[in-house]
Amino acid sequence: MKIDILTLFPEMFSQVFEESILKRAQESGKVEIRIINFRTFSNDPHQKVDDTPYGGGHGMVLTCQPIFDCIESLRTEDTKVIMLTPDGVLYKQKMAYTLAKEKHLILLCGHYEGFDERIRTLCDYEISIGDYVLTGGEIPAMILADSIIRLLPGVIEEESHLQDSFNDQLLDYPAYTKPRVYRGMEVPEVLVSGDHKKIDEFREQMRYNRTVERRPDLLEK
Ligand code: ADE
């Protein structure tokens, strides 16, 4: 898969893809990530990328030209363009699975300001990561990229994401490791019983209890 991230702040991405699983996924050729400053596509002598809104109002608006030219230079028939915006569709694990099947994604990040409405015509998806407003789409783009890359074949063991929270509307089960007693807190007996059927039942029950307690909305669906 190829992921192109279009941003005015490429430096924000300098570390996130250079560690751990995301780094290895690139090194092994499972994903190719490019960070592109769409300011470099501006035809303005001062490389301006925004302007005041028609009709008045506060703030600046990202102009069409640099973003249209940038996306048109990158997109092929295999590309899906995603705008990160607080008024997009709420991002869920199911969408991560859908996007993980694509060959080429372009993630478009705004910063401080809104997009000229006509830029939306370039986009296949408009996505919000939550009901709150951030200073820009950069952190949402990192979140999308991370959640998608870990689902690509061979990036992590498939078994470890089959049981992820949200895959089947249940949260994950609680995990314990050594020591068996820590500050008086004991690991549940069943987990050291060696009885795998019982362990599976216990974990399923825990997933259910946790979901009822914390995210009953997941069960209502
Ligand atoms: N840009 C600013 N806030 C955002 C959000 N919640 N989701 C996606 N992009 C954003």
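All of the numbers you see were taken from the coordinates with simple rules; none came from a lab. As the structure is a prediction and not an experimental result, all values here were calculated from the model. For neighbour counting, all protein chains shown are included, and Cβ atoms are generated from backbone atoms with ideal geometry for every residue, glycine included.
Scanning the range 170-202 for residues that are assigned to a helix (DSSP H, G or I) and under 27 Å from the mean Cα position of the chain (by Cα) returns no hits.
Of note, Gln205 does not satisfy the criterion of being more than 16 Å from the chain's Cα centre (by Cα) and assigned to a loop (DSSP other than H, G, I, E, B). Residue count for the range 97-141 satisfying the condition of being more than 21 Å from Ile36 (Cα to Cα), surrounded by fewer than 16 Cβ atoms within 10 Å (Cβ to Cβ) and within 12 Å of the ligand (Cβ to nearest atom): 4.
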